[in-house]
Structure formats: structure tokens, C-alpha cells
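Read the structure below first, then the notes.
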Amino acid sequence: MIRRVPRGTLLAATLALLATTALAQQQQEAPAQAPAPAATPAPAPAPAPAPAPAPAPVAAAPAAAPAAAALPPGSPLIGRPDNNPAAAKLEPVPAPPLATAENKLPLDKLKAPKGFNIEVYASGMPNARSMALDEKGTVFVGSRLQDKVYAITNRDGKRQVHVLVSGLYRPNGVAYKNGTLYIAELSQISKIDNVEDQIDKSPKPVVIYNDLPKDEAHGWKFLAIGPDNKLYFEVGQPGNNVLHDANHGQLRRINLDGTGAEKIAFGIRNTVGFDWNPKNHELYFTDNGRDWMSEDLPNDELNRITKLGEDFGAPYCYQGNVADPEFGWGHSCSEFVPPVALMGPHAAALGMRFYTGTMFPSEYRDQIFVARHGSWNRTKKFGGDIALVKLNKDGSVKSVEPFITGFLQPDNNYVGRPVDVMNMPDGSMLISDDWNGAVWRVTYGPNKKVAGR
């Protein structure tokens, strides 16, 4: 049984110092084909039969055109405007089916600010997504389209990629704490104890929580462990723009053993990235706006939770000031918590981290890096970069600006698509790229391999 925390309840330990977006992404990340889960969703309805020709006394009238095949539940194309040539050209952008060979990775296409360098950290991991790190420097990498979780070890100066475990279903989310790796699949969360000792043993994860819906649309999870030592994850809307039930469109947390489930925030379309402000433990999260409203609206959001139970508006209101044309009737955007920043139209803002290292210049300390996977629901794509979000002292947002660019090229095509960012102990930052199946490393200072300027 899930306990809903009443609106206004103070954040316990997580917010201890408070008053307390084949096969793209979000709905900017559209659901994609993958191995069938243990309990598969209901099949799509069969196409409606064509109506019979109308009888005529002299000559039969031409038969009516067959009805279009019904779209499966949660399809990203639901809601696409009819008889609109521009909209008809828009559809999810399929990633290459295989990881890019290391010598073919587009290192020369990526651009960083002066003094920063980009290099290949690891490759050969198809659909590399969310990342987690253990005390020995092993990087765990989840996947949304593959059935695998990868482990990148760094032993005796030699870096190697392992398939830690396979046979999972959309194991997008990974988190690590005290020897245990936690994995979030479509409809369950599991753990691997003593994971560092089992990297080459194909361990079997143990399920700790399965009270989750099995919707394909926005069913993949992001997973993180908060300052309160609890596991946090989202349950997204089960479609592009739907009036969801009480078990969707929310952020939840559980104890590390899977008990004590709580719903802590609502009105969330789909977040695939969140982190805690190191200064006051406020939780910030990205959220992807709906598709098919227009090419420029709504923007993706960066939100901040200041007390448990807050509602961020979806599907009634987006970007804090745009009432949904379908569900916004009878509601005012003033009922909901507005975002602290707009991340751009259909940008697919995903993984984010506060930078807590010391390698980068001091002005980057405690600021936010956000992976914008990039749009598909827009004629001229937007995003495909790492954005820097600068904060004011009170935690409000001062500015949003591109930091690492080049994943989206001037010809409107992708050569990479960033998903997650992660701090490393030496102060460098890793970026996962599900288009290339690779992880990039960003450093500051002298480096042999320097990205384009």
C-alpha cells in the first residue's frame, strides 16, 4: 500500500533543511520496441474494417477508403494534427541499432568552452543511459532499449566494459549505495548486493518493489538515492497527454528494502533526471512538456520541490503559464507550482546533476548541468546538448545556457544524444550518449584529446 504524504508536510530527511521529455525519447522520448516484459501490455486494436460500397441503382459508388489503423495505447503519434503536412513529417528519431565503433565516434563534432576538454571514456554499450558510481570507481550504466546493465571498471589503469546483467526489461535507472546496486525496470525495482564482487558472475537481481504500472509510454524509470537514504523514482503519465489516474504522474520514494512507499510530488508528466541541491537538500527535477500543442509550446521544465505533496500541473497546465487546451478547462495555472526554469521547446531535458567537484572553475561549483537529449516533435530540432543552469543564492535560476554542444548538427541531424551526466571523484564529469552507446568524459585543463571549439 502506498502512503500519500499530505500537501504541506515537511520534508523529513531528504529536504531536512527546508520548510519542509524505432524509439526516441520522453515523449520527446517515445516508447520503442524492446523484448516483451513478463506481463505484456494489451495488444493494439486491429484496424477497423473498410465500410462496404454504397449501393446505387445504376452504377456502384467508389468504395470508401479503409479506416486508418488504430494507434497502440501510449503511441507518441496520438494527437498529431490531421491534414497537416508539416506535422505529418514529424515522428520519433530512431537511434542506430548498434553502438558506434570507438574510432567512428564524433569527438571532432563536439564543442566545449575554452579550457574544457572532451574525450571518450568508454564505448560499445548500445543505448547507454542512466549512470551510477561506486567507491572503487566502477560506473554502472542502464539501458532503455536493451535488456542489459553495463559496468565500466577501471583497474590498474585499464578501463573495461562488462555486461553486468542481462534479461531485464527496460533497466533504465541505476543507483548505488554501500555495496548494493539498485536497478529500476519498467514495472519493478531490484537490487544486487555486493555488486563489485559479482561483475563477471552475471548475478540475479532480487526484486524489492513491484507496485508499479506496466505502461510502455513513459514507463522507464530514473532512480536516485536521496540525502534521507531513500530510493526516489518517477511514475510518468501513461501517454503523451492524458488525464491519468492517482498512480501516475508523480514522484515516489521507498526505503532501501522496498518498504515505506510514499507519493511525494504530483502533476509530473515524465521526469528522467533529478538531484538534490548540496546546500539545502532541495530536490530539483527535469520534466518533459507534452507533444502536439505546437512546435514552440510547451517548454520542458526544471522544477524545485520545497515541500512534500506539491503539484506541478500536468496535464492541466504546462511550463507554469500555458493551460492545456484539452484538460485545462476549469483550472488556473495559479493552482500549481511553476517551474524554476524553462528548458526549451521539446528539448527532452533528461539527466541532471549539481556539480560538486573542484576540477572545473569555481563559478561552476553547485550549479546544474542538464542533458538535453533533443527534440523530434519539432521541424527544427532543439537541444542535443549539455546545458548549464546557473543559480542565484536563493536557489532560483539566473540563466540557462549551452555548455557542451555538437550532438545536434547545423544540418538538423544528430551525431549523438546525451542522456545523463555524473560527477567523478577527480572533478571530471561523465556524459552518457544512447545514440552512440558511449560515455564521454569532460575535464578542465591540459588534455591530449581536445574537442572542437
Peptides 249-258, 407-416, 374-383 ordered by average Cβ neighbours within 10 Å, highest first: 374-383, 249-258, 407-416
Anchor Lys104: lysines whose Cα lies under 24 Å away (excluding residues fewer than 8 positions away in-chain): Lys148, Lys158, Lys381, Lys448, Lys449
Percent accessible area from carbon and sulfur atoms, region 304-453, protein chains only, probe 1.4 Å: 51 percent
nm² value of the averaged projected area, convex hull over the Cα atoms of region 166-207: 2.7 nm²
Leu243 paired with Val207, simple spin-label distance in nm, labels 7 Å along Cα-to-beta-carbon: 3.3 nm
Proximal aspartates and glutamates relative to Lys279, as straight alpha-carbon distance under 17 Å, when same-chain residues fewer than 8 apart are discounted: Asp228, Glu363, Asp366, Asp394
Calculated log₁₀ intensity ratio I(q)/I(0) where the Debye formula runs over C-alpha points of region 280-338, q = 0.12, 0.14, 0.17, 0.25 Å⁻¹: -0.28, -0.38, -0.55, -1.03
Separation of alpha-carbon centers, region 256-287 and region 362-391, rounded to whole Å: 19 Å
Rounded FRET efficiency, nearest 0.05, which uses the C-beta distance separating Leu98 from Phe327 and R0 of 25 Å: 0.05
Mean Cβ neighbour count within 10 Å, used as a protection proxy, ranking 84-93, 227-236 highest first: 227-236, 84-93
Within the accessible area of region 99-209 (1.4 Å probe), percent carbon and sulfur: 42 percent
Highest-first arrangement of 189-196, 330-337, 287-294, where packing means the average Cβ count within 10 Å: 287-294, 189-196, 330-337
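The values are calculated or read from the model by the stated rules, or taken from the named source; none is laboratory data. As the structure is a prediction and not an experimental result, all values here were calculated from the model. Glycine gets a Cβ as well: all are built from the backbone with ideal geometry, and neighbour counts include every protein chain shown. Ligands, DNA and RNA are stripped out before the accessible areas are found, and what is left, the full protein with its side chains, is counted by its heavy atoms. Shrake-Rupley method; radii C 1.70, N 1.55, O 1.52, S 1.80 Å.
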